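Down below is the structure, laid out as structure tokens.
The values are calculated or read from the model by the stated rules, or taken from the named source; none is laboratory data. All values derive from a computational prediction rather than experimental measurement. Positions of Cβ are backbone-derived with ideal geometry, glycine not excepted, and every protein chain shown enters the neighbour counts. These area figures cover heavy atoms from the full protein model, side chains too; ligands, DNA and RNA do not enter into them. Shrake-Rupley method; radii C 1.70, N 1.55, O 1.52, S 1.80 Å.
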Amino acid sequence: MMGWKLVTNKKSPLTYMTEIPSEFDSPTYRDVLSQFDAAAEWFCLDPNIRKRLRLPQRALCVTMPIRMDNGDVHVFQGFRGQHDTSLGPTKGGIRYHPDVNLGEVAALAMNMTWKCSLAGLPYGGAKGGIRCNPKNMSRRELQRLTRRYTAEIFPLIGPDHDIPAPDVGTDEHVMAWIMDTYSQQRGYAVPGVVTGKPICIGGSLGREEATGRGVVYVALEAMKHLGIKIDGTTAVVQGFGNVGSISARFLSEAGIKVIGVSDSTCGIYNSNGLNIPDVIAYKKAKHTLDGFPDGEIITNEELLELECTVVIPAALSGQIKEDNAHRLKCRMVVEGANNPTTKEGDGILKDRGIYVIPDILANSGGVIVSYFEWVQDLQKYFWKEKEINEKLHDIIITAFNRVLRFSLSENIDMRMASMAIAIRRLADAHLARGLYP
Ligand code: NAD
């Protein structure tokens with residue numbers, strides 16, 4: 001079916017290949033690598049390609065002295081990792097969070113490679129980040145930090161090289177500052193250097209909602225496959241930022257009762273269903289869910305364990321793990337966040353028959369519409385929102401059905417099927433291009 005010979009029962013000689021260089025060793029790198037290794041093992045990926053794809057192609061560490069508003073100078077650490085450039089420029093978000101580290105960035109860059117490949121986009125994966133707490137910084141401090149970070153990673157980025165986008169803790173303003181700093185260096189406006197920027201400087205209609213919209217398109221398609229009717233269906237969403245709040249909004253617009261949502265402060269629960277537009281307005285006004293009047297306060301742990309049809313983790317990595325996976329009481333998990341399920345957690349969900357739509361498929365709406373934004377910037381010709389949403393639906397549902405068919409024909413889960421399809425495209429590209437020099 002996929003145009004390559006599948007060897008599923010041959011014993012691989014590569015089981016020894018488990019080392020992780022200490023620079024990248026981190027829980028997220030281990031999880032992402034274990035998914036890759038499992039898929040590579042399963043279809044006996046060429047050992048040389050496997051060795052190459054286990055590591056990022058490039059990783060840059062930078063330090064940035066920034067004058068804070070109180071006059072002190074604080075030196076921040078930042079990173080940018082590019083995993084693979086065989087299909088085109090690299091693409092991936094920039095994260096501002098206190099836990100950012102090189103291993104996480106390298107892992108998330110690898111994850112982006114699989115995501116772009118699975119959606120058929122002409123990109124490899126990248127990721128970047130700064131170890132900082134944006135919640136404790138003023139807008140002026142964030143702007144200075146972003147501009148200095150852009151100057152430091154300048155040699156790596158560009159519309160033909162590597163195209164950043166928003167991720168946890170960053171937004172369209174951060175993208176605008178990156179675009180401006182890069183353009184000032186070049187001497188002319190270069191909108192194609194980032195995606196997820198404001199519409200007025202070359203952003204795309206539909207980009208802000210794209211990841212959440214894609215998550216819900218995929219969730220609805222999976223429900224159709226599992227024979228789950230929308231009537232009476234309930235959902236729980238962890239994380240109420242871009243992906244979480246927009247997923248919750250589209251779920252409720254589709255007629256699904258969203259009974260619980262959470263952010264980093266707490267969770268809120270209402271068995272009759274939360275009024276999502278009210279929750280969004282409350283969060284926008286108060287910057288927290290705490291105190292929302294029409295819901296009971298619960299912890300993030302309790303939220304994931306609520307009885308419901310679908311759980312959407314849309315916050316950080318490693319939220320569904322060995323400690324709690326056996327307590328989830330849902331039919332499906334649709335991974336809005338990147339890498340929200342650990343290897344151990346995934347095994348438990350599988351054993352319990354919980355249907356998991358993996359991140360590289362479920363949250364690919366963001367990078368798909370980022371691709372549209374980049375194409376529009378390069379063409380200098382902008383599309384209508386309806387056209388963008390239709391094209392997004394077409395690409396993500398085509399990918400979903402391809403993965404579904406493959407998972408059914410090979411009797412493997414959706415994660416393994418997604419990984420196998422994605423890695424295979426990469427492997428074909430590497431084999432076709434050959435080894436340089
Ligand atoms: P965001 O910063 O807009 O929102 C993150 C949310 O998670 C916030 O509501 C925050 O309060 C919450 N959160 C943080 N720690 C938490 C915790 N321990 N428990 C519960 N909630 C917590 O970020 P985002 O852009 O919505 O990204 C969320 C996830 O989706 C990340 O894993 C990101 O990599 C992934 N993702 C984002 C996009 C995108 O287009 N933004 C695309 C694909 C994947």
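At-a-glance table
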quantity	calculated
Over 24 Å (Cα to Cα) - which of 329/391; 91/257; 284/386; 257/329 fall in this group	329/391; 91/257; 284/386
Radius ratio Rg over Rh of the range 210-362, counting only Cα atoms, Kirkwood formula for Rh	0.93
The chain: translational diffusion in µm²/s, Stokes-Einstein, Kirkwood Rh over Cα pairs, 4 °C, 1.567 mPa s	59
Linear extension gain, residue 307 paired with residue 253, 0.36 nm per residue minus alpha-carbon span	17.4 nm
For residue 100, distant residues with modelled amide H under 5 Å away	132
Karplus (6.51, -1.76, 1.60) ³J(HN,Hα), θ = phi - 60°, over the range 391-396, in Hz, Gly and Pro reported as x	5, 4, 4, 4, 5, 6
Backbone N under 20 Å from the residue 23 label point (7 Å along Cα→Cβ), restricted to the range 406-437	436-437
Largest-first ordering by accessible area, 1.4 Å probe, given options 374, 114	374, 114
Charge dipole (debye, nearest 20) of the chain; +1 at Cβ of Lys and Arg, -1 at Cβ of Asp and Glu	1060
In order through the range 244-256: 3J(HN,Hα) via Karplus (6.51 cos²θ - 1.76 cosθ + 1.60), integer Hz, x for Gly, Pro	x, 5, 6, 4, 4, 5, 5, 4, 5, 5, 7, x, 8
Loop trypsin sites (Lys or Arg not before Pro), the range 222-294 (other Cβ atoms within 10 Å of the site Cβ: 11 or fewer; DSSP)	229
Probe 1.4 Å - accessible area at residue 23, Å² to nearest ten	120
Fraction of accessible area attributable to carbon and sulfur, the chain (%, probe 1.4 Å)	51
Amide H contacts of residue 125 (H built 1.01 Å from N, under 5 Å, at least 5 apart or other chain)	83, 84, 91, 113
Contour minus Cα-Cα distance for residue 188 and residue 138 (0.36 nm per residue)	15.2 nm
Ratio of Rg to Rh over the range 58-190 (Cα coordinates, Kirkwood Rh, two decimals)	0.97
Å² per residue, accessible surface of the chain at 1.4 Å	42
The chain: antiparallel DSSP beta bridges as a percent of all, rounded to 5	45
Whole-Hz couplings from phi, Karplus 6.51/-1.76/1.60, listed for the range 267-272; x for Gly and Pro	x, 10, 9, 9, 5, 8
Inverse of mean 1/r across different Cα pairs in the range 185-244, Kirkwood, Å	14.5
Extension gain, residue 297 back to residue 398 (0.36 nm per residue minus Cα-Cα distance, nm)	32.5 nm
